[in-house]
Amino acid sequence: MADHYFHTPDGPIRTREVTTTIFGHDLSFTTANGVYSGAGLDPGTAILLRESAPPTSGRILDLGCGWGPIAIGLAVASKQVRVDAVDVNERALELCRLNAERAGVAERVRAMLPDQVADTATYDEIWSNPPIRIGKPALHELLLHWLPRLAPTGSARLVVGKNLGADSLQRWLIDQGYPAERTASAKGFRVIRVLPGG
């Protein structure tokens, strides 16, 4: 598995246009090589969006935003949400900003590197198709960095492939003190809802 999604790629950018329906809205996006799922909306993210109701308000974190389908879909669905779209791939962040502008939600979607997020930032919801293929230790470190940012009444929504360890990840989250339940299962993916730790 190539790891080039997890850092800013070298070489020329080759863009393409994709259209998809998110929360009942037909949206067009610019994607590119060198970012996660550059060919279009990946199946896991599609299931997360299909099986989860968008919040009507609040501050949201899109962890691993890629070219922006989750962040932008949420912002389009509700004019009362503000989304921090975080990724380590600067090409993905550029595309997310471009797509947010295109969708008319740039003032409510901030695409940022992880270290640009204020240490004091907290979130009502975290949405993520987490980068399972970075390896278990790095994934655990990632989740333990961001899940403490949940507000006391907040929750996280994660989508993980069953064959990539969704069930063991759910058990691990519970062992870390984060109540976690499966809320949907489709096409080999699990949607896991995680509550703040005790």
* Asked: What accessible area, in Å² to the nearest ten, does a 1.4 Å probe give for V76?
  -> 30
* Structure fact -> Ranking I132, I47 from most to least accessible area with a 1.4 Å probe gives I132, I47
* Structure fact -> Within the set G44, G188, G34, GNM on the chain using Cα springs under 10 Å gives the largest fluctuation to G188
* Asked: Sorting Y178, Y36, Y123 by accessible area (1.4 Å probe), largest first, what list results?
  -> Y36, Y178, Y123
* Asked: Using the alpha-carbon atoms, what tilt in degrees (0 to 90, nearest 10) does helix 136-146 show relative to the longest principal axis of the chain?
  -> 90
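Which length gain, in nm to one decimal place, applies between M112 and D175 when the Cα-Cα distance is subtracted from 0.36 nm times their residue separation? Write down the numbers at each step before the final one.
Working: separation 63, 0.36 × 63 = 22.68 nm, distance 3.03 nm.
Length gained between M112 and D175: 19.7 nm.
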* **Tail beyond 23 Å, pair distance distribution of the chain (Cα, percent)** => 38
* Taking the DSSP beta bridges in the range 71-198 as the whole, what percent of them are antiparallel, to the nearest 5? -> 55
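Run lengths n ≥ 4 of DSSP H only: what is the helix-derived mean residue ellipticity at 222 nm for the chain, with -39500 (n - 2.57) per run over all residues, to the nearest 500?
Working: 5 runs with 53 residues, N = 198.
Value at 222 nm, helices only: -8000 deg cm²/dmol.
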* Structure fact -> For F189, the accessible surface traced by a 1.4 Å probe with all protein chains present amounts, in square angstrom to the nearest 10, to 50
* Asked: At a probe radius of 1.4 Å, what is the per-residue accessible area of L164, in Å² to the nearest 10?
  -> 70
* **Relative compactness, the range 52-167, computed as alpha-carbon Rg over 2.2 N^0.38 Å** => 1.01
* To do: Once you've got the GNM for the chain with C-alpha springs shorter than 10 Å, pick whichever of T15, T120, T45 has the biggest mean-square fluctuation.
  => T120
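Just need the relative contact order of the range 1-106 here, percent rounded to a whole number, with Cα pairs under 8 Å and 6+ apart. List each step's numbers first, then the result.
Working: 184 pairs, mean separation 28.9, N = 106.
That works out to 27 percent.
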* Determine the gain in length on full extension of the stretch D119-A53; use 0.36 nm per residue of separation and subtract their C-alpha separation, reporting nm with one decimal. => 21.0 nm
* Structure fact -> The distance between the Cα centres of the range 26-51 and the range 154-180, in whole Å, is 22
* Asked: For the range 123-191, with every protein chain kept in place, what is the accessible area per residue (1.4 Å probe, Å²)?
  -> 48
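Before anything else, pin down the relative contact order of the chain: Cα pairs under 8 Å, at least 6 apart, normalised by residue count, whole percent.
Details: 402 pairs, mean separation 34.7, N = 198.
RCO, the chain: 18 percent.
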* Of the heavy-atom accessible surface of the range 4-108 (probe 1.4 angstrom), what whole percent is carbon and sulfur? -> 50
* Relative contact order of the range 127-195, defined on C-alpha pairs under 8 angstrom at six or more residues apart (%) -> 33
* So how much slack lies between S168 and T30, counting 0.36 nm per residue of separation and subtracting their Cα-Cα distance, in nm? -> 46.2 nm
* Cross-link reach list, lysines versus K187, counting only Cα pairs under 27 Å and skipping chain neighbours closer than eight places -> K136, K162
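The values are calculated or read from the model by the stated rules, or taken from the named source; none is laboratory data. Since this is a predicted model, take the numbers as computed values, not measurements. Remember, those area values only see protein heavy atoms, side chains included, never the ligands or the DNA or RNA. Shrake-Rupley method; radii C 1.70, N 1.55, O 1.52, S 1.80 Å.
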